[in-house]
Amino acid sequence: MGMEFGWWDKDEEGKKWHIKVRFHGGHVVFNRKHGHHSSWELFEPKDEQWDRLLSEAERRLPRRLMSTKEFNDLKGQRPQ
């Protein structure tokens, strides 16, 4: 089952980005876009984005929107 996470984030220059992360089949894909009429672009996440993703995923566990196995798989995808 695929999952999608999304939030807004600002970079160092103060530019606001819409972040969308898809997790499906053990693969994590980070996309972002700036503005309503721009296209989604792939990007390499920083530690802060990984922390936010895991925080968002952890909030889904008590509501059973995500299984513990899926959560552990997601955590395992984070580069060390």
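Quick notes on this structure:
- For the chain, built as a Gaussian network whose Cα springs stay under 10 Å, the top-fluctuating residue of 69, 16, 33: 69
- Net charge dipole size for segment 3-77 [Lys, Arg +1 and Asp, Glu -1 on Cβ; Debye, nearest 20]: 400 debye
- For segment 3-77, alpha-carbon Rg relative to the globular expectation (2.2 N^0.38 Å, N residues): 1.14
- Helix-only [θ]222 nm of the chain, DSSP H runs n ≥ 4, -39500 (n - 2.57) each, per residue, nearest 500: -9000 deg cm²/dmol
- Inter-label distance, residue 40 to residue 11: 1.9 nm, where each label sits 7 Å from its Cα along the C-beta direction.
- Those GluC sites (Glu not before Pro) in segment 1-66 that DSSP places in a loop and that have at most 12 other beta carbons within 10 Å: 12, 13
- Computed from the Cβ-Cβ distance with R0 of 30 Å, the FRET efficiency linking residue 33 to residue 77 stands at 0.85.
- Scalar couplings 3J(HN,Hα) for segment 49-54, obtained by applying the Karplus form with A = 6.51, B = -1.76, C = 1.60 to θ = phi - 60°, are 5, 5, 4, 5, 4, 5 Hz; x denotes Gly and Pro.
Taken together, the values in this text are just the output of simple stated rules run on the coordinates, not laboratory data. All values derive from a computational prediction rather than experimental measurement. We place every Cβ from the backbone using ideal geometry, glycine too, and count neighbours over all the protein chains shown.
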